Each structure stands twice: as structure tokens, then as C-alpha cells.
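Worksheet: one structure, shown below.
The values are calculated or read from the model by the stated rules, or taken from the named source; none is laboratory data. Values in this document were obtained by computation on a predicted structure and should not be read as measured data. With ideal geometry, Cβ positions are generated from the backbone for all residues, glycine too; neighbour counts draw on all protein chains shown.
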Amino acid sequence: MITTMDIEVRSTELDALGHVNNAKYMEYLEWGRFEWVKANGIPLDFFGKSRLSTVLVNVNINFRHEANLGDRLSVRTWLAEMGRSSFRIGQEIVNQRGERITDATVTSVMFDTTTRSSVYIPDEIRHRLEPLVRG
């Protein structure tokens, strides 16, 4: 399932050049992933009940156009791919004119909080996530 979250650019998100500061896009993308988790019915404490969690290991962002004060942005998020211990989230941000402002691929790894190392995605989690893959 692809989710969409809308944002209006505020003055506190601008840099000296008058457009959205690059670091803000990381926040927008994080908010989009949070909304994706909720919209897909994954309980927020899904990982908290065990020693498993996920950690970000790579974020690749392409900045396509600038966003400015008052722009209405839509953050679109989907599960793009699953591996044995990792998964990739695809995301894009478009403005009210339909222009792609930013696109990103975010890679996370299943993480054992006790051993502090990556582990295979357990079948229980894999079976819940695999139907959501939208390549």
C-alpha cells in the first residue's frame, strides 16, 4: 500500500537561500514512514514486544526541485523491496503542481537489540510485510 501524507512548508523550515533546508527532507521522509507504518496496521509497539527492532543503514535522496514557503507537499511512501535481513522503503515528495521535489530510497535492517547485530527478518514479520511490497 502506498501512503500519502501532506505537509505545508513553514518559515522555520527554510534556509538562507529561501527554500526548504536539505536536512528538513529527512524529517519529512521520516514522518512519511511513520504514517506508512500506521496506515498499514503495523502496531507501533510491533517490535517493542521483543528484542527486535529496525535500524536505518542507508538513505539515498535525490533533490529534484526546490520547495518554498507555503508549498503544499505530499510525501508518498511504499515498501519497495525485502531481502533476508533488510528492506527498502521507496519515497517521493511532490508539490501541489505535481512536480517531484525529492525521491529517496531508505534501507533498514532487522536488528537484535541484545546482540547489537543484524538478523534475518522473522517469518512472522516477513509474512506481514511481503504483501505490501510495491517494487
### Task
Examine the range 75-86 for a residue that is closer than 15 Å to I7 by Cβ, outside any strand (DSSP E or B) and touching a helix residue (DSSP H, G or I) at 6+ places or on another chain (Cβ under 7 Å), and state whether such a residue exists.
no
#### Entry: Options E81, E92, E99; residue that is more than 15 Å from the chain's Cα centre (by Cα) and not aliphatic (A, V, I, L, M)
E99
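Could we say that R134 is touching a Leu at 6+ places or on another chain (Cβ under 8 Å), under 18 Å from T4 (Cα atoms) and among the charged types (D, E, K, R) here?
Numbers: touching a Leu at 6+ places or on another chain (Cβ under 8 Å): yes; under 18 Å from T4 (Cα atoms): yes; among the charged types (D, E, K, R): yes.
Yes: the conditions hold for R134.
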### Message
For the range 1-23, give me the residue count where each residue is under 12 Å from N68 (Cβ atoms) and either under 17 Å from the mean Cα position of the chain (by Cα) or basic (K, R) (or both).
### Response
1
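Whether any residue in the range 1-17 is in contact with a strand residue (DSSP E or B) (Cβ under 8 Å, 6 or more places away or on another chain), of a type in the set (G, A, S) and either modelled with pLDDT of 95 or more or surrounded by 12 or more Cβ atoms within 10 Å (Cβ to Cβ) (or both) is what I want to check. So that I can check it myself, show each step before the final result.
Residues of the range 1-17 that are in contact with a strand residue (DSSP E or B) (Cβ under 8 Å, 6 or more places away or on another chain), as a first pass: 1-9, 13-14.
Filter once more, so that each one left must be of a type in the set (G, A, S): none.
No: the range 1-17 contains no residue that is in contact with a strand residue (DSSP E or B) (Cβ under 8 Å, 6 or more places away or on another chain), of a type in the set (G, A, S) and either modelled with pLDDT of 95 or more or surrounded by 12 or more Cβ atoms within 10 Å (Cβ to Cβ) (or both).
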### Summary
In the range 105-127, anything over 13 Å from T54 (Cβ atoms) and acidic (D, E) is listed as D123, E124
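Going by the structure shown, is R97 part of a loop (DSSP other than H, G, I, E, B), charged (D, E, K, R) and within 20 Å of I7 (Cβ to Cβ)? Quick ask: steps written out before the conclusion?
On the way: part of a loop (DSSP other than H, G, I, E, B): yes; charged (D, E, K, R): yes; within 20 Å of I7 (Cβ to Cβ): yes.
In short, yes.
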### Query
If you go through the range 100-135 one residue at a time, how many are assigned to a helix (DSSP H, G or I) and surrounded by 12 or more Cβ atoms within 10 Å (Cβ to Cβ)?
6
### Hits in the range 25-65 - residues which are at pLDDT 95 or above, surrounded by 15 or more Cβ atoms within 10 Å (Cβ to Cβ) and assigned to a loop (DSSP other than H, G, I, E, B)
H65
